[in-house]
Every structure is written in C-alpha cells, then in structure tokens.
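Bear in mind that the values in this text are calculations on the coordinates, not laboratory data. Keep in mind the model is a prediction, meaning the values are calculated, not measured. Positions of Cβ are backbone-derived with ideal geometry, glycine not excepted, and every protein chain shown enters the neighbour counts.
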Amino acid sequence: MPQIYKKSEHKITKDKIDPAALIVTETLKNAGYTAYIVGGSVRDLLLGKPPKDFDISTSAKPEEIKKLFNRCFLIGKRFRLAHVHIGNKILEVSTFRKGDNSNEALIIEDNEWGGEEEDVLRRDFTINGLFYDPQNETIIDYVNGYEDAKKCLLRTIGNPHVRFKQDPVRMIRLLKFRARFGVNIEQSSIQALFDCRGEILKSSGPRVLEELLRMLESGFADPFMKLLKEHGFLKLLLPKISESFEQGGDEDVFEFLQELDSIVLNESKKNVQRPVFISALVFPILERHLRLLHEGREKAMHLGEIGEESAFIIKDAFAPFLILPKKLLFNMSAILTSQFRFTPLEKKKGMRQKIPAIPDFHLALQFFELRSRIEPGLQTLYEEWDFFWKKHQRRPYRKPRRR
Ligand code: ATP
Ligand code: MG
C-alpha cells in the first residue's frame, strides 16, 4: 500500500501547478480514468524549485487519451505517449506501464501497459516516482520518495546495478540530479556507478547527447561536467575532450561553463542559443590546435582553412559515441570559425570590420561576447563588432538592380 501525504503535510498548493496540467487531469478523471501529475515536477515542488514541465500519468491508453482532446498527437516508438496541446502549452501524457524489474537485459522498448504501482517501479529514482493527485491534493508514494526528498537523498528504485544495466542513461541522470540539486547519493548507487560505467557505451547516443545538451543549458553545466570527469564518464563519452583536459585544457572550458551558468541563473532575459553553449566545449581545443598549426607556417591561415579545421575538430571532439545533428555542426562551425575573424591568429594592420554574409553571424557574436566576459581585454573589440552588427542590421533593404 502506498503512503498518502495530505496537503497539510506536503504543503504544495494548487496555484503552483500549471492550470493546463489541471485541465488535462480533470478531463481524464471525468472520463473515468485515473490521472496524476508525476515525476520531475512533483520532485521539484517538494525540493522547493520551480518545475519546468508537468508530466501526467494515466490509466487511459494512448488512443483513449487522443479521443478526449481536440489537439492531441501520439508520438514515440520506444516509448509511446500523447502530446496534449492546451493553449500554447504541450503536456506529455503517458499511460501507466509495466515495470522492468524482471529482466536484466538492456531495455529497447517500453510499451507494456500496467497499473499505477508498476508505473512507479519502472521509474529511475525514488524522488522521481511520486504521484500528485490534484483532485484530493495528496501525494501518493509507493517507494519512500517523499522521505528521500525531505532528506535530499537520491536512491534508485530497486537494485542500482540492475537498473543501471537495464538503462545506462540512468547513470548520467544520477550525476545530473547531483549537479542540479546537490542531493546525496546512496552508497550502493555510487558503487554501481563505478561497476557499470562502461555500459554507457551500450546505450543510445542521441539520448545521452540530449541529457548532455540539456545540462549545458541548465545553469549547472560546470558541476555536471566536473562530475562526469570525476566519475570516469568524460573519458568514455568524450575521449578527445577528456584527453585535452588531461593536458591542462580543462581550466579554459570550466571558465566558459561557469560564465554560462551564471548567465542562465542570473540573466534570464539573455537568450543564449544551444550551439553557443556547446561551442564552449570545443573552442579551447580548436584554438590550441590552430595555434600549433600556425606556428610553423610563413603565411597566415585564411578563414577557409580555419573553417575546414574547425569542422574536423568539432566532429572529432564528439566521436565516436556522440553524433551531433548536421544543423548543430553547421552552426558550431560558423561560430568557431568566426572567432578567428574577430581575433585573428596573426594581427594584421588596417583590418576592416566587415560583417560577413553568413546566416549565423549573431551566434558567432554571442560567443564572442562570452569570450569578452572571460577575457576583459576583448571587451572593446566586442563592442565595436556589436556596434557594426547593429548598424548593419538597420540598413534599409535595397532591391537588387535589374540588369
Ligand atoms: P528534468 O527536470 O530534467 O526534466 P525529469 O526527472 O523530469 O528531469 P524527464 O526526462 O522529463 O526527467 O523524465 C520524466 C520522468 O520519467 C522522470 O522523473 C522519471 O520518473 C522518468 N524517467 C525518465 N528517464 C528515465 C529512465 N531512464 N529510467 C526510468 N525512468 C525515467
Ligand atoms: Mg521533466
């Protein structure tokens, strides 16, 4: 039987819940199904953090959910769920599914429906396994997650060795929660992390990449990357970056990450884009590589050559396990190459600041601003380029002349 915590105990008030999530749970309940708010948002509310998104778990099957909402799309093959659109919000609604505790093998598909307790038992950590019932305003706890949240303790649901082997991405998630919330990790999970870390290479590259990208943007990129390094995951996932860290390149990268974290946490209006975040991992390696190449040469490298080198270094930095989507590679390459337009490897006299006709120039400038915050000597140069860029954007559009 689950533990039930009343509102007088958990103190979560309904005004903290997204009204769109309340509409979805109410609609499902009125149609005779069970529906709870689940996972990350319940955890965040208990830890006193603002939740990002409100996921919903229900006894209704995907097709049944679809019938209840005007705008509802069924997505995912490995993990089938419904996206319900309410106003401008999209809510993830998933059907209760069976636990995976009987099977030690790597899970490829997870689409067998089950009851609400089974749905909790298949989840990763106890603090992620809590239901919030908006109708009764209670928390329903099958796994002692409520007490763990109060103690700030991260515990796997079930045996950590088994759970990490079933889905090695859970190990990366463990480090993510440690970085984000400073939670303590139970001893057996730390042991399992060391024993099972090699399994991470059997998991899905795109899922690991998504967790990595999300963490870079989270405001906790610096502690997260340090945890990846300390626990031996950096060497496995990003061998080239790890190698450069061992040669003393880590300080530069961590300086970038600290600055990015501070922007995310303190300057919410500043809209730093994903390619800018991830470029911070590669720029120090590229700069060192280009300086070495440049040293023995008589003629300066031109931007075309630098562009080719940066495309190679970016790919190499994430190989062989993580494969970046083409668009991201393209954006990063534009960002990184442009840095050597702002600060050429060799200073030339009388250089003119000319805004190039590349689509991602604003991203390159955003990265240059980041560099100038770390290296105050670049501040004036950044301001000049920024001024030119703004002036360039204000230029009236001129119709091309007909010939
Ligand atoms: P975040 O705040 O970063 O979104 P989250 O815990 O909400 O963290 P999601 O990826 O949104 O992470 O997943 C939602 C919920 O699904 C989790 O809280 C957890 O209950 C469950 N879950 C996610 N990934 C796994 C996994 N690999 N194994 C088991 N359960 C998982
Ligand atoms: Mg979430």
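Does the stretch 261-269 contain at least one residue that is touching a Leu at 6+ places or on another chain (Cβ under 7 Å) and over 14 Å from L370 (Cα atoms)?
Restricting attention to the stretch 261-269, the residues satisfying the condition of being touching a Leu at 6+ places or on another chain (Cβ under 7 Å) are none.
So far as the stretch 261-269 goes, no, none of its residues is touching a Leu at 6+ places or on another chain (Cβ under 7 Å) and over 14 Å from L370 (Cα atoms).
Inside the stretch 261-285, can you point out the residues that are outside any helix (DSSP H, G or I), touching a helix residue (DSSP H, G or I) at 6+ places or on another chain (Cβ under 8 Å) and more than 16 Å from R214 (Cα to Cα)? Full working, then the answer.
Just the residues of the stretch 261-285 that are outside any helix (DSSP H, G or I), to begin with: 267-273.
Checking the rest, the ones that are also touching a helix residue (DSSP H, G or I) at 6+ places or on another chain (Cβ under 8 Å) come to 270, 272-273.
The one that is outside any helix (DSSP H, G or I), touching a helix residue (DSSP H, G or I) at 6+ places or on another chain (Cβ under 8 Å) and more than 16 Å from R214 (Cα to Cα): K270.
Considering (1) more than 13 Å from the chain's Cα centre (by Cα); (2) outside any helix (DSSP H, G or I); (3) not charged (D, E, K, R), say which one Q258 fails and leave the rest.
(2)
Name every residue in the stretch 26-48 that is more than 16 Å from ligand 1 (Cβ to nearest atom), out of contact with any Ser or Thr (no Cβ under 6 Å at 6 or more places or on another chain) and in contact (Cβ under 8 Å) with a residue 60 or more places away in the chain, in order of residue number.
Within the stretch 26-48, the subset more than 16 Å from ligand 1 (Cβ to nearest atom) is 26-34.
Next, only the ones that are out of contact with any Ser or Thr (no Cβ under 6 Å at 6 or more places or on another chain) stay: 26-27, 29-32.
The answer is E26, K29.
From D124, D119, which residue is acidic (D, E), within 16 Å of ligand 2 (Cβ to nearest atom) and touching a helix residue (DSSP H, G or I) at 6+ places or on another chain (Cβ under 7 Å)? Can you show your working first?
Values: D119 fails: touching a helix residue (DSSP H, G or I) at 6+ places or on another chain (Cβ under 7 Å).
Just one listed residue meets the conditions, D124.
Considering every residue within the stretch 243-262, establish whether at least one is closer than 16 Å to F321 by Cβ, free of Cβ contacts under 8 Å to residues at least 60 places away in the same chain and surrounded by fewer than 19 Cβ atoms within 10 Å (Cβ to Cβ). If you could, list the steps in order and put the result at the bottom.
First, the residues of the stretch 243-262 that are closer than 16 Å to F321 by Cβ: 243.
With the extra rule that they be free of Cβ contacts under 8 Å to residues at least 60 places away in the same chain, the set shrinks to 243.
Retained after the next criterion (residues that are surrounded by fewer than 19 Cβ atoms within 10 Å (Cβ to Cβ)): 243.
The answer is yes, given that some residue of the stretch 243-262 is closer than 16 Å to F321 by Cβ, free of Cβ contacts under 8 Å to residues at least 60 places away in the same chain and surrounded by fewer than 19 Cβ atoms within 10 Å (Cβ to Cβ).
If a residue must be away from ligand 2 (no atom under 16 Å from the Cβ) and not in a helix (DSSP H, G or I), how many such residues does the stretch 15-46 contain? Walk me through how you get there before you give the answer.
Within the stretch 15-46, the subset away from ligand 2 (no atom under 16 Å from the Cβ) is 15, 19, 22-23, 25-35.
Those left that are additionally not in a helix (DSSP H, G or I): 31-35.
Qualifying residue count for the region: 5.
Of all residues in the stretch 166-182, which are touching a Cys at 6+ places or on another chain (Cβ under 9 Å) and surrounded by 20 or more Cβ atoms within 10 Å (Cβ to Cβ)?
Step one: list which residues in the stretch 166-182 are touching a Cys at 6+ places or on another chain (Cβ under 9 Å), which gives 168, 171, 181-182.
Hits for the stretch 166-182 are P168, M171.
Within the stretch 280-291, is even one residue in contact (Cβ under 8 Å) with a residue 24 or more places away in the chain and either aromatic (F, W, Y) or more than 24 Å from E369 (Cβ to Cβ) (or both)?
Yes, the stretch 280-291 has at least one match.
If we only count helices (runs of 4 or more DSSP H) wholly inside the stretch 158-253, which ones have 2 or more residues that are within 16 Å of ligand 2 (Cβ to nearest atom)? Can you show your working first?
Numbers: elements: 160-166, 169-181, 187-196, 205-216, 221-230, 233-237, 239-244.
The helices (runs of 4 or more DSSP H) meeting that bar are 169-181, 205-216.
Identify the residue in the stretch 208-238 that is free of Cβ contacts under 8 Å to residues at least 40 places away in the same chain and under 10 Å from the mean Cα position of the chain (by Cα) and, among all such residues, is surrounded by the most Cβ atoms within 10 Å (Cβ to Cβ).
It comes out as M215.
Each row is one residue, and each column tells you yes or no for (1) part of a loop (DSSP other than H, G, I, E, B); (2) surrounded by 17 or more Cβ atoms within 10 Å (Cβ to Cβ).
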position	(1), (2)
E287	no, yes
E305	no, no
S310	no, yes
I313	no, yes
D316	no, no
P320	yes, no
I355	yes, no
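How many of the residues making up the stretch 67-98 are surrounded by 16 or more Cβ atoms within 10 Å (Cβ to Cβ), basic (K, R) and more than 24 Å from the chain's Cα centre (by Cα)?
Counting residues in the stretch 67-98 that are surrounded by 16 or more Cβ atoms within 10 Å (Cβ to Cβ), basic (K, R) and more than 24 Å from the chain's Cα centre (by Cα) gives 2.
Tell me the residue from P2, P50, P62 that is out of contact with any Gly (no Cβ under 9 Å at 6 or more places or on another chain) and within 15 Å of ligand 2 (Cβ to nearest atom), please. Talk me through it step by step, then tell me what you get.
Working: P2 fails: within 15 Å of ligand 2 (Cβ to nearest atom); P62 fails: within 15 Å of ligand 2 (Cβ to nearest atom).
Of the residues listed, the single one that is out of contact with any Gly (no Cβ under 9 Å at 6 or more places or on another chain) and within 15 Å of ligand 2 (Cβ to nearest atom) is P50.
Are there any pairs with C-beta distances below 8 angstrom linking a residue in the stretch 51-66 that is touching a residue at least 40 places away in the same chain (Cβ under 8 Å) and of a type outside the set (A, V, I, L, M, F, W, C) to a residue that is outside any helix (DSSP H, G or I) and within 10 Å of ligand 1 (Cβ to nearest atom), with the two at least 6 apart or on different chains, and if so which?
Here the result reads S57/V38; S57/G39; S57/S94, each pair linking the stretch 51-66 to a residue that is outside any helix (DSSP H, G or I) and within 10 Å of ligand 1 (Cβ to nearest atom).
Residue by residue through the stretch 133-156, note down the ones that are within 12 Å of ligand 1 (Cβ to nearest atom) and in contact with a strand residue (DSSP E or B) (Cβ under 7 Å, 6 or more places away or on another chain).
G145, L154, T156, listed by residue number.
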